[in-house]
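Worksheet for the structure shown next.
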Amino acid sequence: MAVVVTYLDVAATTRVDPRVADVVLRWMTEDFGNAGSRTHEYGTRAKKAVQEARTFLAETVGARREEVIFTSGATESNNIALLGMGPYGAKHQRRHIISSAIEHKAVIEPLVHMQKKGFEVDFLEPGPSGRVTTESVLKKLRPDTLLVSLMHVNNETGVIQPVAELAEKLRETPTYFHVDAAQGYGKLPEDLRAPIDLISISGHKIGAPKGVGALVTRRRGWDKAPLEPIMFGGGQERKLRPGTLPVALIMGLYEAAKIFQETRGNWELEARAMRERILAALGKTRFQINGDAEHSVPHILNVTFDGLNAEALIVRLKEQVAVATGSACTSASYTPSHVLTAMGLPTETATNGLRFSWYPDQVADFDPEELADTVVRMQPAVS
């Protein structure tokens with residue numbers, strides 16, 4: 001008989017909702033037209049559907065339809081938002097950027113690339129809370145600061161960054177604000193209605209297929225964000241992102257976003273209830289929560305167990321739960337999480353952080369007590 005393993009890694013990716021899969025299949029096999037085709041009904045239907053999806057996604061963040069472009073996901077959106085600002089910054093001698101040391105690699109690596117092109121990047125460290133303060137960002141602002149890039153929700157700790165508060169402050173300055181909302185889109189909708197200039201969205205964190213996302217390019221009055229394309233080959237997507245639109249994936253993102261919007265209230269209550277159950281069960285173990293528990297999403301929990309190697313624990317748990325560390329695997333060894341390291345946590349803690357992340361409807365049969373019992377059996381006795 002197959003072993004049932006509880007999936008506790010939705011921060012990495014979610015299962016495609018069956019209702020979403022049905023929509024995607026329909027637009028792959030029945031209404032399969034190219035949204036750029038203007039001479040027949042197949043193309044007309046596809047174009048109309050894409051515009052409907054664009055309108056809905058714009059409304060979820062308080063933007064206009066024409067301010068949303070579709071991409072392959074948050075990584076591409078981040079690259080367009082960051083690298084696309086480069087030419088404007090170079091032309092106007094605004095080569096200073098502020099970000100944080102806990103960003104996803106999809107932000108850090110483009111910024112490192114920009115450093116090689118002559119930009120200066122301040123990577124702020126948040127301290128043990130894992131939360132960058134608005135004040136620490138504002139203190140770094142300079143007349144030549146082109147951009148601030150700060151994630152909405154950290155993918156390893158679940159800590160919520162003060163993006164709404166920061167957006168209001170930055171709107172009073174010429175500095176643009178980019179938010180990587182891969183983990184926060186749908187979960188904290190009011191935050192993203194703040195006047196954020198650029199928002200990166202990923203579909204596969206909310207039950208949509210992998211390979212689809214969006215970039216919101218909000219205007220300041222009548223002025224567009226001064227983005228230049230980083231790819232060429234067509235005029236699709238406001239001349240910022242060329243290529244044939246993946247209509248089926250876009251419609252999957254649209255359906256997933258609708259479903260999540262309709263169910264978010266219950267999702268949040270049930271996700272928080274599961275968090276409380278897990279923490280109650282772990283009370284019999286020796287552990288610490290990594291990150292500010294008071295400013296975290298309810299469905300992501302990062303912990304380190306005293307005296308336990310996280311990778312060894314994952315091996316022991318592999319027939320119970322699917323979980324992840326925050327460590328990056330190299331060919332020879334596991335390195336400490338760059339997020340936990342940037343928070344100033346000890347190397348032992350940063351190397352052995354374990355991330356649990358869940359959607360309530362997928363963990364109904366999960367018993368946290370079994371997890372805790374396994375940890376208790378593995379933890380060395382206190383001398």
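Every read-out reported here was derived from the displayed coordinates using simple, explicitly stated rules and does not represent laboratory data. Only a predicted model underlies this, so the values are computations on that prediction, with no experimental measurement involved. Backbone-built Cβ (ideal geometry, glycine too); neighbour counts: all protein chains shown.
Annotation: amide H-H contacts under 5 Å for THR6 (H modelled 1.01 Å from N, sequence separation of 5 or more, or interchain): VAL321, ALA322. For the chain, the 222 nm mean residue ellipticity estimated from helices alone, with every DSSP H stretch of n ≥ 4 adding -39500 (n - 2.57) and the total spread over all residues, rounds to -11500 deg cm²/dmol.
Using a cutoff of 8 angstrom between alpha carbon atoms and counting only pairs six or more residues apart, the relative contact order for segment 37-120 works out to 21 percent. Would you kindly derive the ³J(HN,Hα) couplings of segment 31-42 from the backbone phi angles with the Karplus curve 6.51 cos²θ - 1.76 cosθ + 1.60 (θ = phi - 60°), listing them in order in whole Hz, with x for Gly and Pro? Running phi through 6.51 cos²θ - 1.76 cosθ + 1.60 with θ = phi - 60° gives 8, 9, x, 8, 5, x, 7, 10, 9, 8, 5, 4 Hz. Note: relative contact order over segment 18-257, using C-alpha pairs below 8 Å and six or more positions apart, is 27 percent.
For a straight C-alpha distance cut-off of 24 angstrom, the lysines reachable from LYS284 (same-chain residues fewer than eight places away being disregarded) are LYS318. Computed from phi, the 3J(HN,Hα) profile of segment 338-348 under the Karplus parametrisation 6.51, -1.76, 1.60 (θ = phi - 60°) reads 5, 5, 5, 5, 5, 7, x, 7, x, 4, 4 Hz, with x in place of Gly and Pro.
The listed peptides 315-323, 203-211, 131-139, ordered by packing as a protection proxy, come out as 203-211, 131-139, 315-323 (highest mean of other Cβ atoms within 10 Å first).
Given a cut-off of 22 Å, name the pairs among LYS91/LYS139; LYS91/LYS116; LYS105/LYS205; LYS48/LYS258 whose C-alpha atoms lie farther apart than that in the structure shown.
Working: LYS91/LYS139 25 Å; LYS91/LYS116 16 Å; LYS105/LYS205 17 Å; LYS48/LYS258 17 Å.
In this structure, LYS91/LYS139 exceed 22 Å between Cα atoms.
Across segment 43-54, computed HN-Hα scalar couplings (Karplus, 6.51 cos²θ - 1.76 cosθ + 1.60, θ = phi - 60°) run x, 4, 5, 5, 4, 4, 5, 4, 5, 5, 5, 4 Hz from first to last residue, x flagging Gly and Pro. Annotation: amide H-H contacts under 5 Å for VAL68 (H modelled 1.01 Å from N, sequence separation of 5 or more, or interchain): THR217. Peptides 32-43, 188-199, 147-158, 71-82 ranked from most to least packed, by the mean per-residue count of other Cβ atoms within 10 Å: 147-158, 71-82, 188-199, 32-43.
Between amide H atoms placed 1.01 Å from N, distances below 5 Å from THR325 occur with ARG355, all of them 5 or more places distant or on a separate chain.
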